[in-house]
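The values are calculated or read from the model by the stated rules, or taken from the named source; none is laboratory data. Quick caveat: nothing in here was measured; it's all calculated off a predicted structure. We place every Cβ from the backbone using ideal geometry, glycine too, and count neighbours over all the protein chains shown.
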């Protein structure tokens, strides 16, 4: 009789262990699927912005001031070919004051320009927002006398 009790105890113990393993596996299954917060981060984020002189974030602006202090260089008539998480590209004109004989009495001239933005980084004012960190201006024809054919500038944060 003692052997029968041992066999029965062993069978109950095996059944309990089997049930524990099944419950443990079933309860572990939901943890393996992504949590709602993980799904939210997988969604596409907003495109990067271009921060203007007044610290306003802009997407595809038609104009942009390059010389915030005096306004002697600005981009105008911007037409954006693309704007995405990696880069942006537009054509337009760079309106530049020649500052001759001095800036207040100077004349503004327009130069066709290709504008490229890249190096998206978190914006210090709002780290959840990506902002372009660099602007590259390429002059396909004439350009201001003191400018190179390609000018690269860091953008403010």
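Of the numbered criteria (1) within 18 Å of residue 137 (Cα to Cα); (2) within 21 Å of the chain's Cα centre (by Cα), the one residue 55 fails is (1). When residue 99 is tested against the conditions (1) in a strand (DSSP E or B); (2) touching a residue at least 12 places away in the same chain (Cβ under 8 Å), the lone failure is (1). State the number of residues belonging to region 118-136 that are assigned to a loop (DSSP other than H, G, I, E, B) and touching a residue at least 60 places away in the same chain (Cβ under 8 Å). Qualifying residue count, region 118-136: 3. Do we find a residue being touching a helix residue (DSSP H, G or I) at 6+ places or on another chain (Cβ under 7 Å), in a loop (DSSP other than H, G, I, E, B) and in the same structural domain as residue 139 (by TED's automatic domain parsing) anywhere in region 72-95? Yes, because at least one residue in region 72-95 is touching a helix residue (DSSP H, G or I) at 6+ places or on another chain (Cβ under 7 Å), in a loop (DSSP other than H, G, I, E, B) and in the same structural domain as residue 139 (by TED's automatic domain parsing). For region 41-53, the count of residues that are modelled with pLDDT under 95 and outside any loop (DSSP other than H, G, I, E, B) is nonzero.
Just one of the listed residues (73, 77, 87, 62) is closer than 21 Å to residue 148 by Cα and either loosely packed, with under 13 Cβ neighbours inside 10 Å or touching a strand residue (DSSP E or B) at 6+ places or on another chain (Cβ under 6 Å) (or both), namely 73.
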